[in-house]
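Q: Take a look at this one; I'll ask things after.
Since every read-out is calculated from the coordinates, none of them should be taken as a lab result. Since this is a predicted model, take the numbers as computed values, not measurements. Every residue, glycine as well, gets a Cβ built from its backbone with ideal geometry; the counts of neighbours run over all protein chains shown.
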Amino acid sequence: MLQFIVMEDAASIARATADRVEAKLRDQKEAVLGLATGSSPILFYEELVRRHREEGLDFSKVHTLNLDEYVGLCKEHPQSYRFFMNHHLFSKINIPMEQTHIPEGSTLDPQAEAARYEALIRSLPPAAVQILGIGTNGHIGFNEPAPVFSLAAHEVALKSATVEANARFFEDPAQVPHSAITMGVGGILRAEQIILLAMGPAKAWALAQLAGAFVDPKIPATILRVHPHVTIFCDEAAAAKLPKECIGRPL
Ligand code: GLP
């Protein structure tokens, strides 16, 4: 079941997402949270940090599972997803670092690291909430358009559209890695609840594909149609290509 909810701005989306996560953590302190990187969740992480500092939201028993990491970037690299998560969230809340999980980007054996990550995912309870962004080509995590879906965590060659889209974060665009380790769609679908965040006109095409009636590995986010509980929080710009009848009601 998918539900598109259009909100006024990114701050409202961040608060609504934090409300869902907080509701879970209030009655399940040891919940697993599935987390994402990219610009879309940044305000949501700020809101979690604020609730931790001002309202005592407790992360001491939480485990986190991130979606993905670039291959070839060590955790000290400012564009690694480990650095991003430490900076935006983990160093600012009371979660023990050993309870935060992200594939190891500096590995010399990405396939073995993907297998280790898959085993780790399976060793933890399903995520209470999985946060997702969406790529302009419809990717989720780094599950890129492909002839078939990959269920397990895997190493993936990034599409040129993804490398170009992510180059804006790097001082030198030539430094953008061309491969990554990502949770597979099986790991994503394991979550009890999925919240996808999409802001801005660049996401309008991908969201419109998600509202279509088909599941297609060439637009990986369409797999979300088979999940029982997916909410898409988006702004007007990202919703611009959605058929009106798709907004607000469960699909
Ligand atoms: C990267 C990440 C995705 C993310 C996407 C969108 O490719 N691997 O998980 O959803 O970027 O990023 P943004 O939120 O910056 O648009």
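Q: For a quick check of your reading of the filter: which GluC sites (Glu not before Pro) in the range 9-57 sit in a DSSP loop and have no more than 15 other Cβ atoms within 10 Å?
A: Details: sites: GLU22, GLU30, GLU46, GLU47, GLU54, GLU55; in loops: GLU30.
Passing both the DSSP loop test and the Cβ count: GLU30.
Q: State the antiparallel share, in %, of DSSP beta bridges confined to the chain, rounding to the nearest 5. Present the calculation step by step, with values, prior to reporting the outcome.
A: On the way: 8 of 31 bridges.
Antiparallel: roughly 25 percent of the beta bridges in the chain.
Q: Quick one: longest stretch of the chain between exposed loop trypsin sites (Lys or Arg not before Pro), exposed meaning at most 15 other C-beta atoms within 10 Å and loop per DSSP? Can you show the working numbers first?
A: Values: sites that count: LYS29, LYS61, LYS75, LYS218, LYS241.
Between the exposed loop sites, the longest stretch runs 76-217.
Q: Relative to 2.2 N^0.38 Å, what does the C-alpha radius of gyration of the range 142-251 come to as a ratio? Two decimals please. List each step's numbers first, then the result.
A: Values: Rg = 14.8 Å, N = 110, 2.2 N^0.38 = 13.1 Å.
Dividing the Cα radius of gyration by 2.2 N^0.38 Å gives 1.13.
Q: Determine, for MET97, MET1, MET85, the number of other Cβ atoms within 10 Å of each Cβ, and report the residues in order from fewest to most. Please report the intermediate quantities before stating the final value.
A: On the way: MET97 8, MET1 12, MET85 23.
Ascending Cβ contact count within 10 Å gives the list MET97, MET1, MET85.
Q: Return the sequence-ordered ³J(HN,Hα) values of the range 48-59 in whole Hz as given by the Karplus equation 6.51 cos²θ - 1.76 cosθ + 1.60 applied to θ = phi - 60°, using x for Gly and Pro.
A: Running phi through 6.51 cos²θ - 1.76 cosθ + 1.60 with θ = phi - 60° gives 4, 4, 4, 5, 5, 6, 9, 10, x, 4, 9, 10 Hz.
Q: Related question: Run through all the Cα pairs of the chain and give the fraction in each 5 Å bin from 0, expressed as whole percent.
A: Histogram of Cα-Cα distances, whole percents per bin: 1, 7, 14, 19, 21, 18, 13, 6, 1, 0.
Q: Sticking with this one: Using Cβ contacts closer than 10 Å as the measure, can you line up CYS74, CYS234 from fewest to most? Let's see the in-between values first.
A: Values: CYS74 11, CYS234 26.
Ascending number of Cβ neighbours within 10 Å: CYS74, CYS234.
Q: OK, next. Express in whole angstrom the spacing between the alpha-carbon centres of the range 33-56 and the range 79-150.
A: So the separation of the two Cα centres works out to 16 Å.
Q: Next question. For the chain, what does the helix formula give at 222 nm: sum of -39500 (n - 2.57) over DSSP H segments with n ≥ 4, over the residue count, nearest 500 deg cm²/dmol? Don't skip to the answer; put the middle values down first.
A: Working: 7 runs with 73 residues, N = 251.
Helices in the chain give a 222 nm mean residue ellipticity of -8500 deg cm²/dmol.
Q: How big is the Cα convex hull of the range 59-130 in projection, averaged over all directions, in nm²? Show your work: numbers first, answer last.
A: Values: hull surface 19.4 nm².
Average of the hull's projected areas for the range 59-130 equals 4.8 nm².
Q: Then there's this: So which chymotrypsin sites (Phe, Trp or Tyr not before Pro) in the range 1-48 end up in coil per DSSP with only 14 or fewer other C-beta atoms within 10 Å? Write down the numbers at each step before the final one.
A: Values: sites: PHE4, PHE44, TYR45; in loops: none.
In loop regions of the range 1-48 (DSSP not H, G, I, E or B), there are no sparsely surrounded chymotrypsin sites (Phe, Trp or Tyr not before Pro).
Q: At a Cα cut-off below 25 Å, give the lysines reachable from LYS29, other chains included and same-chain residues fewer than 8 away excluded.
A: Here the lysines satisfying the reach criterion relative to LYS29 are LYS61, LYS92.
Q: Right, something else. Separation of the range 172-251 and the range 15-30 by C-alpha centroid, Å?
A: If we compute the Cα centre of each part, the gap is 22 Å.
Q: Quick one: compute the contact order of the chain, relative version, from alpha carbon pairs under 8 angstrom and 6+ residues apart, as a percent.
A: Working: 518 pairs, mean separation 68.3, N = 251.
It rounds to 27 percent for the chain.
Q: Could you tally the net charge around LEU251, taking each other residue with its Cβ under 14 Å from the Cβ of LEU251, Lys/Arg +1 and Asp/Glu -1? Kindly include the intermediate steps, with their values, before the conclusion.
A: Details: positive: ARG225, LYS244, ARG249; negative: GLU245.
It works out to a net charge of +2.
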